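The values are calculated or read from the model by the stated rules, or taken from the named source; none is laboratory data. Remember, predicted model here, so these are calculated numbers, not experimental data. We place every Cβ from the backbone using ideal geometry, glycine too, and count neighbours over all the protein chains shown.
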Amino acid sequence: MVTKHAYKAKHLPPVIHYAFFSLLSSSSFFTSLLSQIAEFHIPENMKGSFIFLSVLLCSTFHVSFSIIDGLVANGNFELGPKASDLKGTVVVGGSKSIPEWEISGFVEYIKSGQKQGDMLLVVPEGAYAVRLGNEASIKQRIKVMKGMYYSITFMVARTCAQEERINISVTPDWGVIPIQTLYTSSGWDPIAFGFRAESETVEMLIHNPGKEEDPACGPLIDSVALRTLYPPRATNQNLLKNGGFEEGPYVFPNSSWGVIIPPNIEDDHSPLPGWMVESLKAVKYIDSDHFSVPQGKRAVELIAGKESAIAQVARTIPGKTYVLSFSVGDASNSCEGSMIVEAFAGKDTIKVPYESKGKGGFKRAALKFVAVGPRTRVMFLSTFYTMRSDDFSSLCGPVVDDVKLVSLRKP
């Protein structure tokens, strides 16, 4: 998110924005600036004022040009409606009843620990969440940088047995996300959605398109966050973009669930830049703070067997030889047993077995192939379904990381 003081840079192309904001947000920039200022001759009676103005300048730049990753305004719904705007749990005070949000339809304000029949409703962060009834929605206007890429992460829980879906949109991007399959034992799934900002202010809409007999049978929503994405480019050292999965959606620092990247996500505005989720089920984005990751800080866990796959199309030269190398491991999340990752490069394939004890670890593997066209599709999937041994209800699977595609020179 960008503050209103960033208007001077708004006409720069997106690629310049990346460098511009990276420069301004780095401590080395300000250190260099202060050292250069120190070289000027300043009268003794003005040094105090000059130092104060220098520090003020640096702090102003830092605040004005920082892009904040984290919860959107009142993203955890801890600021709730007035008592007069509630009838039980139903928000009846109008569209502006929940601070920072505009609501429509049958919206409930849910407190953690509240009961629905025999079911106890638990909120993942803080004490409150919202529930969206039939055709209900919440929306918020967010200041962004035109042309930049962003990812929204939000927590969602199903409260009834019916098949439920969530429609999330940031014009012109939208997606309908099925939430029938839950991937965590807590009942709450952190879900990611990617978009490209078409203007400097966008409208984020989360909508329940369902039409159930019971309007209270809608999904619970909590912890809505935003992260700026900087899509990596392919290089001579790696023809795949974001092969280490370091660029991806916002991961809640106090959550040990990872982030679910829904199925049928294309690579244009994917929350996992460069990659597509080409499957019926989702994949999980994990971080090194809560899981075992082979390399760097992020990786992908294939959590639904052959129904959980990631893919990317790379530029290749027909007749040239390439090597696809990657790491296969486990996330140290009690995902135990025999696993196999199937890797594809065009029509070539390799099956990599991995015996997991559920305590972390990985192995390297490689697939050598000859390109048959100017584009080669690289894909990874898991052969088997696996359940965590500590709860026997959470889907899990092998971890894929540090994926590299390089061409081989002729000897």
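Values as computed for the structure displayed
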quantity	calculated
Output for the range 122-161, where each listed residue is more than 25 Å from the chain's Cα centre (by Cα) and touching a residue at least 60 places away in the same chain (Cβ under 8 Å)	133, 134, 135
Residue in the range 264-281 that is of a type in the set (D, E, K, R), in contact (Cβ under 8 Å) with a residue 60 or more places away in the chain and over 24 Å from residue 147 (Cα atoms) present	yes
Residues that are closer than 13 Å to residue 222 by Cα, surrounded by 21 or more Cβ atoms within 10 Å (Cβ to Cβ) and aliphatic (A, V, I, L, M), drawn from the range 114-146	123, 129, 130, 132, 138
Only listed residue being farther than 25 Å from residue 197 by Cα and either in contact with a Ser or Thr (Cβ under 7 Å, 6 or more places away or on another chain) or of a type in the set (A, V, I, L, M) (or both), chosen from 110, 142, 168	110
Qualifying residues in the range 273-286 (those that are closer than 14 Å to residue 379 by Cβ and not charged (D, E, K, R)) - the one modelled with the lowest pLDDT	279
Every residue from the range 218-249 that is closer than 30 Å to residue 90 by Cβ and either assigned by TED's automatic domain parsing to the domain that holds residue 307 or at pLDDT 95 or above (or both)	221, 222, 223, 224, 225, 226
The range 94-113 - residue that is surrounded by fewer than 17 Cβ atoms within 10 Å (Cβ to Cβ) and farther than 22 Å from residue 203 by Cα and, of those, modelled with the highest pLDDT	111
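One line per residue, one yes/no per condition, for (1) within 18 Å of the chain's Cα centre (by Cα); (2) of a type in the set (Asp, Glu); (3) in the same structural domain as residue 372 (by TED's automatic domain parsing):
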| residue | (1), (2), (3) |
| --- | --- |
| 291 | yes, no, yes |
| 297 | yes, no, yes |
| 317 | no, no, yes |
| 328 | no, no, yes |
| 336 | no, yes, yes |
| 354 | no, no, yes |
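Every residue, every condition in (1) hydrophobic (A, V, I, L, M, F, W, C); (2) surrounded by 20 or more Cβ atoms within 10 Å (Cβ to Cβ), yes or no:
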site: 232; (1), (2): no, no
site: 249; (1), (2): no, yes
site: 254; (1), (2): no, no
site: 265; (1), (2): yes, yes
site: 280; (1), (2): yes, no
